Amino acid sequence: MYLAAFFYSLLSGNSNQKTFVNLHMPLHRWIHYQLLFKRLLLLILLFQVSRIIFGFTNPSTVSSNYLAIFLAGLRYDITTICILNLPVLLMHVYPSKFSFSSGYQKFISILIISLNALALLFNYIDTLEAACS
């Protein structure tokens, strides 16, 4: 329960942590970049967990050089996350007068959760298919 609430707070941006502030960047922009970075790290973690689960459910696809597979998968996941979340990345980086409204931030949260939930669903469908066959 607490873990799910923690992940939701990271994805929705409800974090109350104090942050390092760059003197040349306004605080509100720094918080947006920090939130984007947390969201991307969480997505990388979730995609790697799905890869590990796939490896456990289908051990015939995993060779002895698991480190090389892990690094290649990490590179693939980072590329996939960046391409899939390009609208979210642009919405975080592009400054506008709507960037700080709660409705805009809620829209970004819904967009990032729905896009990545669909991608992870396809990832787990592949895992289930490999486990059932």
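The values are calculated or read from the model by the stated rules, or taken from the named source; none is laboratory data. A quick note: this is a predicted structure, and the numbers were derived from the prediction, not measured. Every residue, glycine among them, receives a Cβ derived from its backbone with ideal geometry; neighbour counts consider all protein chains shown.
For region 71-92, a residue qualifies if it is surrounded by 14 or more Cβ atoms within 10 Å (Cβ to Cβ) and over 16 Å from residue 117 (Cβ atoms), and the qualifying residues are 73, 74, 78, 89, 91, 92. Tallying residues that are at pLDDT 90 or above and part of a loop (DSSP other than H, G, I, E, B) within region 55-93 yields 1. The residues of region 94-133 that are assigned to a helix (DSSP H, G or I) and hydroxyl-bearing (Ser, Thr, Tyr), listed by number, are 102, 104, 109, 114, 124, 127. Using beta carbons and a limit of 7 Å, which pairs, at least six apart or on different chains, have the first residue in region 43-69 and over 23 Å from residue 132 (Cα atoms) and the second one β-branched (Val, Ile, Thr) and not in a loop (DSSP other than H, G, I, E, B)? Short answer, once both residue conditions are applied: 43/81; 44/78; 44/81.
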